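The values are calculated or read from the model by the stated rules, or taken from the named source; none is laboratory data. Here the structure is a predicted model, which is why all the values come from computation and not from measurement. Backbone-built Cβ (ideal geometry, glycine too); neighbour counts: all protein chains shown. Ligands, DNA and RNA are excluded from the accessible area calculation, which covers all protein heavy atoms including side chains. Shrake-Rupley method; radii C 1.70, N 1.55, O 1.52, S 1.80 Å.
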Amino acid sequence: MSYRINSDNSWAALPAWLIITLAVMIMTGTAIGLRYWYQESFNVAHVFMTLFFSINLVICYWECCLFLKADCVEQRAEYWSRRQQQSGRRAAIGFLLDRVTISKILSANVWADVWATYSLFDKSYQDRNTYGYIVDVGNGFITTLPTIFLYATFTLGFTPARIAGIVGVMLFWQLLYATAMYWVSFFISKRHRHLSRLEICIYIWGANSPWIAGPLFGLYISTCLILENNYRVLGLSI
């Protein structure tokens, strides 16, 4: 695969897990820094929501890649299945440890492998007719702009609090509902039968639980913004 490199060129690449971590840290740190520069304040609720937004934006990009590279996901799933059998290591771990060349950091082909490896747990991501595929593609294209808007206004409070709260309620309820229905569809269709209990806990419950916890807290924040019409819950004196 073109994004993986030989060890003698390791200076030109980073492990996939590190790229993901850096992207989230940069976006989260930028919001925290802007908040401190703007009002010299630090607020735990703001940090939590900013971290959630940063993770969600990374996922939104992956979800767009899922749509753009659907054929690639199907093909790469076969590759990762073979590699998993040969190495004895879960494909998801193998992908995170693989090194990505700097020039390919934004390549849709690279991040399509997120879904190729996850599809070994849930084959719906190899099928464009399933709920899992459609809801994630929809999230990628529909929730990116509201996430950016809330990331910015939760940090600087540049819109009336009530408007931010209304947008938040719409976004967080959609994320909460979509995640809950994904779990329902996963178990009703019995796609869990080939997985161990540990794999279900880590890769199905664990990997998706941030989109339950984050939206629940986001709904609380948004409700406060609407009822109080100020940003006090996020530590802003506006």
Given (1) modelled with pLDDT under 95; (2) of a type in the set (V, I, T); (3) surrounded by fewer than 18 Cβ atoms within 10 Å (Cβ to Cβ), identify the lone condition not met by I163. (1)
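Within region 77-102, how many residues are of a type in the set (V, I, T) and part of a helix (DSSP H, G or I)?
Result for region 77-102: 2.
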Anything in region 153-184 that is free of Cβ contacts under 8 Å to residues at least 40 places away in the same chain, closer than 30 Å to W37 by Cβ and either not in a helix (DSSP H, G or I) or not β-branched (V, I, T) (or both)? List them, or say none. F158, T159, M170
Which numbered condition trips up S107, out of (1) surrounded by 19 or more Cβ atoms within 10 Å (Cβ to Cβ); (2) out of contact with any helix residue (DSSP H, G or I) (no Cβ under 8 Å at 6 or more places or on another chain)? (1)
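When you check R197 against the structure, is it in contact with a helix residue (DSSP H, G or I) (Cβ under 9 Å, 6 or more places away or on another chain), open to solvent by 40 Å² or more (accessible area, probe 1.4 Å) and not aliphatic (A, V, I, L, M), yes or no?
For R197, the condition - in contact with a helix residue (DSSP H, G or I) (Cβ under 9 Å, 6 or more places away or on another chain), open to solvent by 40 Å² or more (accessible area, probe 1.4 Å) and not aliphatic (A, V, I, L, M) - is not met.
Here's the yes/no breakdown for (1) under 22 Å from D136 (Cα atoms); (2) of a type outside the set (D, E); (3) modelled with pLDDT of 90 or more:
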{"position": "F186", "(1), (2), (3)": "yes, yes, no"}
{"position": "H192", "(1), (2), (3)": "yes, yes, no"}
{"position": "L198", "(1), (2), (3)": "no, yes, no"}
{"position": "I204", "(1), (2), (3)": "yes, yes, no"}
{"position": "I221", "(1), (2), (3)": "no, yes, yes"}
{"position": "Y231", "(1), (2), (3)": "no, yes, yes"}
Within region 20-40, does at least one residue satisfy the condition of being closer than 30 Å to K123 by Cβ and in a loop (DSSP other than H, G, I, E, B)? no
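For E74, state whether it is assigned to a helix (DSSP H, G or I) and touching a Gly at 6+ places or on another chain (Cβ under 6 Å).
No.
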For F121, work out the one condition from (1) part of a helix (DSSP H, G or I); (2) at pLDDT below 90 it doesn't fulfil. (1)
